[in-house]
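The values are calculated or read from the model by the stated rules, or taken from the named source; none is laboratory data. If you're wondering where the values come from, they're calculated on a predicted model, not measured in any experiment. Every residue, glycine among them, receives a Cβ derived from its backbone with ideal geometry; neighbour counts consider all protein chains shown.
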Amino acid sequence: MVITGTLRKMQTELKETVQYYEVFRDDFVHVNALLNQKISLKHVANECLNCGLDKKIWRQGFCYDCFSQIPQAGDWIMKPELSRAHLDEEDRDLEYEKRVQLQPHIVYLANSSNVKVGVTRKSQIPTRWIDQGAHEAVIIAETPNRYLAGITEVALKDYVADKTNWRTMLTNKIEDVDLLRFRESILPHIPKEAQEHIVEVNEETLIHFPVEQYPKKVKSVNLTKTPEHSGILKGIKGQYLIFEDGHVMNVRSHEGFVVELRVG
């Protein structure tokens, strides 16, 4: 099988084991079905996910010009506390910003390599947890907009990490933590204006990934430096493909890369 298409973040489905799908313009691949098979990925071109041109990908699948201008790449995406749509203040496109920022957001704890605090739109649960490679997660609060979720996350960063150690996550060196108890311990540190949005929970979400062999040490695949990589696929976790020889490829960081995917 040979398919040529533009990489995007893999779509996921939370089942007993997470199901992964790479969706191209004219085709899609059930990535779980490729486990234990030899696959080859060859970088043949670029396609900016906004303008569609064959230009060097800068970040998030966008070329530099698009990344610098479009609302989908505004600073508030990575830093929710910078959201201003609730004040009717525009960053790049107020209509878009209102549509995204002024909807329910979730502040959560997730455990992938360690316990971290994060923010995502309610509609992105549990997708966000899967993308981070979290094996367990629990909701802290549900806010009516992105700003309140953002300032809650910032306040909690003094007591819990906000980053995932991707190498630890991919070697499955899991830290055993009682998330519900940890959650209770940090609730008093939530800002007053967000206290009323704390959600009552009594269970956590458990996530199982399709991994048959974890690497002891990871080596990152970068198709910009080495345009082709092949190997036996042994697992999928977060947005990473895990190969038998210890190489791992972050699909998310290769969004906008046009690749030739060969199986077998």
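Residue count for the range 165-208 satisfying the condition of being in a strand (DSSP E or B) and crowded, with 17+ Cβ neighbours inside 10 Å: 2.
Yes/no matrix, rows are residues, columns are (1) touching a residue at least 60 places away in the same chain (Cβ under 8 Å); (2) under 21 Å from V248 (Cβ atoms); (3) not hydrophobic (A, V, I, L, M, F, W, C):
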residue: I106; (1), (2), (3): no, no, no
residue: N114; (1), (2), (3): yes, yes, yes
residue: T143; (1), (2), (3): no, no, yes
residue: T152; (1), (2), (3): no, no, yes
residue: R167; (1), (2), (3): no, yes, yes
residue: L180; (1), (2), (3): no, no, no
residue: I207; (1), (2), (3): yes, yes, no
residue: Y214; (1), (2), (3): no, yes, yes
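Report yes if Y64 is within 19 Å of F243 (Cβ to Cβ) and among the hydroxyl-bearing types (S, T, Y), otherwise no.
On the way: within 19 Å of F243 (Cβ to Cβ): no; among the hydroxyl-bearing types (S, T, Y): yes.
No; evaluated as a whole, the condition is false for this residue.
Residues considered: L179, L148, L156. Of these, the only one that is under 26 Å from G235 (Cα atoms) and touching an Asp or Glu at 6+ places or on another chain (Cβ under 9 Å) is L179.
When the range 101-127 is limited to residues that are surrounded by fewer than 20 Cβ atoms within 10 Å (Cβ to Cβ) and part of a helix (DSSP H, G or I), the one that is nearest to the chain's Cα centre (by Cα) turns out to be T127. For the residues L49, L34, the requirement of being closer than 16 Å to R262 by Cβ and buried (at least 16 other Cβ atoms within 10 Å of the Cβ) singles out L34.
Quick check on this structure: which one of E90, E22, E81 is of a type in the set (D, E, K, R), outside any loop (DSSP other than H, G, I, E, B) and within 30 Å of T152 (Cβ to Cβ)? Step by step, each of E90, E22, E81 is checked, and only E81 is of a type in the set (D, E, K, R), outside any loop (DSSP other than H, G, I, E, B) and within 30 Å of T152 (Cβ to Cβ).
One line per residue, one yes/no per condition, for (1) out of contact with any strand residue (DSSP E or B) (no Cβ under 8 Å at 6 or more places or on another chain); (2) touching a residue at least 40 places away in the same chain (Cβ under 8 Å); (3) not assigned by TED's automatic domain parsing to the domain that holds E22:
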position	(1), (2), (3)
I190	no, yes, yes
H197	no, yes, yes
E200	yes, no, yes
P227	no, yes, no
G235	no, yes, no
I242	no, yes, no
D245	no, no, no
S253	yes, no, no
V258	no, yes, no
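If only residues of the range 1-26 that are in contact with a strand residue (DSSP E or B) (Cβ under 8 Å, 6 or more places away or on another chain) and acidic (D, E) are counted, the one that is farthest from G238 (Cα to Cα) is D26. Looking at the structure I just gave you, is E136 farther than 13 Å from G150 by Cβ, free of Cβ contacts under 8 Å to residues at least 12 places away in the same chain and outside the structural domain of D54 (by TED's automatic domain parsing)? No: the conditions fail for E136.
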